[in-house]
Each structure stands twice: as structure tokens, then as C-alpha cells.
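Every read-out reported here was derived from the displayed coordinates using simple, explicitly stated rules and does not represent laboratory data. Owing to the predicted nature of the structure, the values given are computational and were not obtained by experimental measurement. Virtual Cβ from ideal backbone geometry, glycine too; neighbours counted across all protein chains shown.
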Amino acid sequence: NCLESLQTHTIGLVHEIFVVDNASTDGSADAVSKGFPQVQLIRNGKNKGLSTAANQAFKRSHGRYIVLLNSDTILLENSFLKIVRFLDGNPEFSVLSPKIVDESDQTCPMRLWQDSPKDALLKIIGKYNPVDELRDMSGNGAREVEAVGGACFVLRRSIIESAGLLDEKYFLYNEEDDFCRRTRKAGKKICYFPETSVKHLLGQSTHQPGVRERVIMETYKSNLYFYSKYYSVGWNVILRSLYKLTFILSIFRSLINFFP
């Protein structure tokens, strides 16, 4: 569905499409090869994680702009033509995300500010409120922000040359937050562009049977790496300790539910 929407709605742009298959076992790669011969398919022998897979395609791409697009997204209109025209006219922006909507066409929360230790603490203890994100997203005009989400992550090629590729130590999650921090450190700007929307079906890969346990573990490791990379020693110790404690408690709860 994602590839079909790209074919239908991407008009007036010279573009190339890459699909990186991370050793899927459900015939996805063959289906892409058969149904979309124009797509450049990269088949990995093992699951290398999101960042490594994305970088494989980034290195082979040729465009002035690069889009990291989740496989469970659907284009609703010619979003990329709107985005390219905006970025061509606003060279100060190097990273951009459009508005993301869910299956019911409701706006998906997206944090537009740099993650703080307090945000991380609230997430760990289950008190983080995404309503604050929706409030910050109100309004229709394009504007500078500190961070954007990764469902439709648009990059100017030149920012990769100055900030580098995605950090491959993140197997899953935090990679876009990390890249936004490096973008701003390089003196470049990030844009939230709600003048076009992309539909995100939310978790269609991470909630597949047989992968949920690994998703939880890789999320845990990515978070710990992110804390160590960006937070002070004091906050890092607090967050890592609390995160490990809640992780262990969740395992015990699972065992209790499994052995009533």
C-alpha cells in the first residue's frame, strides 16, 4: 500500500525508491520485486536494524533530498512535490517532517522540542502526556522546531555531508531524535511542515507476531545508549537505574501473568 501510494501521488518529481528488506520471512521482498520492478530492492541476510538499513539506501541514493519513510505509511496527496518546493524556497531548513495522521485522520502526537531528562523520566514512570505535543503542533504554518518524528523524515542531502549518517548503534527508535540534535549542532534548522499530511498506520511492523519481544529489548538498549550519549552523568545514572528497575518489574509482572 505504501509503494502504491508513492506511485499514485508522487508526480512532477524525478525520484527513485529504495526498499531495504531486513531478512523478512513472509515473502515481502519477492512481492516488492514482482509487483514494483522499478523499486531498487536491497535484501539483507539478517535484520540489521532501522538505522543501518536506512544508511544502506542513503549511500546509494542520488537525489538532492532524501526521505526516510516508514513502510506503514500512505501518501494522501502529492506531498513530496509540496515539500520539495518549500525546501527549495527555504534553504535554511535541512530536516523536515509533514503532519502525520492516523488511520482515522486524527493528528498523531509528535514531540517538536528536544527531549529533556524530565521528559525521559516521565516516560519511564508512565506519566508523560502526549497532549502537550498536540498543543505544540497547533496551527497550520510551517515553522522551525527543535525535533521531528521519523515516520516521514525528510533530509537535505547536504546535511548528511555535514552531520553524518544515522547512528547505527540505534537498532530501533531514537535515531531521528539523535539526528535532529546533530543537525542543530551543525548550525542547521529543522522544520515542522503541517501544510501536507502523511497517514501512518502505527506499529504495523513492531507489533507483528514473533518480533514484539525483540522490539522491547532493542528499545530498551537504544534508550540506554541515548541517555549515555546526551544526558549528564547524574541524570544518566538516575534514568538508567530507574529504567532498568521498571524493565525488571515488567518482566516479573509478565512471569506472574504467565504462571498464575
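Label-to-label distance, Glu16 versus Lys221, with points set 7 angstrom from Cα along the beta-carbon direction: 3.1 nm. Within a straight-line Cα-Cα reach of under 12 Å, Lys123 can be paired with the following aspartates and glutamates, leaving aside sequence neighbours fewer than 8 residues apart in one chain: Asp115. Here segment 85-224 is treated with +1 on each Lys and Arg Cβ and -1 on each Asp and Glu Cβ, and its dipole about the Cα centre works out to around 240 debye. Each of Ile83, Ile190, Leu166 was placed along the dipole of the chain (beta-carbon charges, centred on the mean Cα), and the one lying farthest toward the positive end is Leu166. For the chain, modelled as a GNM whose springs connect Cα atoms under 10 angstrom apart, the maximal fluctuation among Gln56, Gln114, Gln106 occurs at Gln106. Across the chain, the longest run free of exposed loop sites, meaning chymotrypsin sites (Phe, Trp or Tyr not before Pro) lying outside DSSP classes H, G, I, E and B with no more than 16 other Cβ atoms within 10 Å, spans 129-260.
Under the membrane-span-like helix rule (DSSP H runs whose alpha carbons stretch at least 30 Å along the helix axis, mean Kyte-Doolittle hydropathy 1.0 or higher), the chain yields 233-258.
Each of Ser33, Ala147, Gln7 was placed along the dipole of the chain (beta-carbon charges, centred on the mean Cα), and the one lying farthest toward the positive end is Ala147. Largest GNM mean-square fluctuation across Arg156, Arg85, Arg182, computed for the chain with C-alpha springs under 10 Å, falls on Arg85. Mean projection of the Cα convex hull over all viewing directions, computed for the chain: 15.0 nm². In terms of its C-alpha gyration tensor, segment 83-145 has an oblate overall shape, because the principal axis ratio a/c (a ≥ b ≥ c, square roots of the eigenvalues) is not below 1.5 and a/b does not outweigh b/c. Residues whose amide H comes within less than 5 Å of that of Ile42, counting only those at least five positions distant or on another chain, are Val19, Val20, Asp21 (H built at 1.01 Å from N in the peptide plane). Charge dipole (Cα centre; +1 on Lys/Arg Cβ, -1 on Asp/Glu Cβ; no other charges) of segment 22-96 amounts to roughly 320 debye. Each Lys and Arg adds +1 at its Cβ and each Asp and Glu adds -1 at its Cβ; summed about the Cα centre, the chain shows a dipole of about 800 debye.
Taken as Cα centroids, segment 66-88 and segment 234-250 sit 37 Å apart, rounded to the nearest whole angstrom. Straight-distance candidates among the aspartates and glutamates for linking to Lys99, with alpha-carbon spacing under 18 Å and chain neighbours fewer than 8 residues away dropped: Asp72, Glu77, Asp132, Glu133, Asp136, Glu144, Glu146, Glu176, Asp177, Glu195.
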